[in-house]
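The values are calculated or read from the model by the stated rules, or taken from the named source; none is laboratory data. The model shown is predicted, which means the values in this text are computed figures rather than measured ones. Because the Cβ atoms are built from the backbone with ideal geometry, glycine has one as well, and the counts that use them run over all protein chains shown.
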């Protein structure tokens, strides 16, 4: 049975209920959303391995949501849409989607495509790059860049996309102190406000997942009054 997590985004409750039966039966963990805005909110809190997303939705459509997701996430995205014109498929694939399934669809075929993309994402992507680019190791902390997998002492750690991005930013800049302002503007791509404690909250959550004792961090160190860093290996 699978331990992977899928985000299903569609404003049709019938579609959600139908695919929920098939995906849960395959052992996937499932999150659901009815709009692009809701999907982005979930991605900010949960680690997701693959997204199945409709295009025509309220608040934010699938095209806009896909472009936003691709700013800092590499997991497979499958569009599931009634927009069957070739121009829509071309647009969907050109903005970062990995596949395009037209409604009405076969649930079994969609499950097969999900499995295929997850296999490619987790197993084949690492071979596309050299080991040095793909793996970041800091003592017993190992970060796999292309699969977005993290282990500590060979124990899998599940981070949200933002948590992963922050950890990777610090890991790739070992010995360099990163201010909260720099981290926020680099990861959120927005202007930092002095009263914003978002980075602090995310650092705390990362420490809770990767540190044996978050109060005495082994990896992410606080430089008081300046920011955070991961010490450079000697």
- Could you pull out the residue among 48, 9 that is touching a strand residue (DSSP E or B) at 6+ places or on another chain (Cβ under 6 Å) and farther than 17 Å from residue 148 by Cβ? 9
- Message: Against the condition free of Cβ contacts under 8 Å to residues at least 60 places away in the same chain and not in a loop (DSSP other than H, G, I, E, B), how does residue 150 come out, does it pass?
- Response: no
- Which one of these does residue 114 not meet: (1) farther than 22 Å from residue 10 by Cβ; (2) in a helix (DSSP H, G or I)? (1)
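Limited to the stretch 159-196, what total is found for residues that are farther than 23 Å from residue 141 by Cβ and at pLDDT 85 or above?
2
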- Task: Take residue 167 and decide whether it is touching a strand residue (DSSP E or B) at 6+ places or on another chain (Cβ under 7 Å), surrounded by 19 or more Cβ atoms within 10 Å (Cβ to Cβ) and outside any helix (DSSP H, G or I).
- Result: no
- Message: Just to be sure I understand, how many residues within the stretch 153-164 are closer than 16 Å to residue 218 by Cα, part of a loop (DSSP other than H, G, I, E, B) and in contact (Cβ under 8 Å) with a residue 24 or more places away in the chain?
- Response: 0
- Item | Number of the condition not met by residue 145 [criteria: (1) over 14 Å from the mean Cα position of the chain (by Cα); (2) free of Cβ contacts under 8 Å to residues at least 60 places away in the same chain] | (1)
- Any hit, the stretch 83-103, residues being surrounded by 13 or more Cβ atoms within 10 Å (Cβ to Cβ), at pLDDT below 85 and under 15 Å from the mean Cα position of the chain (by Cα): no
- Message: I need the strands (runs of 3 or more DSSP E) fully contained in the stretch 1-86, keeping only those with at least 2 residues that are in contact with a helix residue (DSSP H, G or I) (Cβ under 8 Å, 6 or more places away or on another chain) and more than 19 Å from residue 112 (Cβ to Cβ).
- Response: 29-33
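Suppose we keep only residues that are touching a helix residue (DSSP H, G or I) at 6+ places or on another chain (Cβ under 6 Å) and modelled with pLDDT of 80 or more within the stretch 104-137. Which one would you say is farthest from residue 63 (Cα to Cα)?
136
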